[in-house]
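Let me begin by presenting the structure, written as structure tokens, before commenting on it.
The values are calculated or read from the model by the stated rules, or taken from the named source; none is laboratory data. Bear in mind the structure is a predicted one, so any value in this text is a computation, not a measurement. All Cβ positions, even for glycine, are placed from backbone atoms using ideal geometry, and neighbour counts span all protein chains on display. Just so you know, the surface numbers come from the protein's heavy atoms only, side chains and all, with ligands and any DNA or RNA stripped out. Shrake-Rupley method; radii C 1.70, N 1.55, O 1.52, S 1.80 Å.
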Amino acid sequence: MERFYWDDAYPIARALRQAHPEVDPLAVDWDTLHRWVVALPGFADDPRLKDPVRLEEIQREWLEEVLAHG
């Protein structure tokens, strides 16, 4: 199983795209995004961290994944 840490924006984005294929990443608020990230199987970092910069990077990577793969 792949392990995820907050600095793994691209792998987290791929996992979110697979877990929530029908969701527009730009429609997800920070609280929901945080909950979804820490709920990913393999998430191994501190779930109490809630850094808006990291969340924004994950959201951006997720959007790029959606745009690149439809």
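Miscellaneous remarks
- On Cα atoms only, tilt of 52-69 relative to the major axis of the chain in degrees: 30 degrees
- Rounded to 10°, Cα long-axis angle of helix 9-19 versus longest principal axis of the chain: 70 degrees
- Summed over qualifying helices (DSSP H, 4 residues or more, each -39500 (n - 2.57)) and divided by its residue number, the chain shows a 222 nm mean residue ellipticity of -17500 deg cm²/dmol.
- The accessible surface of the chain, taken with every protein chain in place and a 1.4 Å probe, is 51 percent carbon and sulfur.
- Across the chain, Cα pairs under 8 Å and at least six residues apart give a relative contact order of 53 percent.
- Other residues lying with their Cβ under 14 Å from the Cβ of ALA44 contribute a combined charge of -3, Lys and Arg counting +1, Asp and Glu -1.
- Heavy atoms of the protein chains alone define the surface here; on that basis the chain has 63 Å² accessible area per residue at 1.4 Å probe size.
- The Rg/Rh ratio of the chain, with Rg taken over Cα atoms and Rh as the Kirkwood radius over Cα pairs, comes to 0.92.
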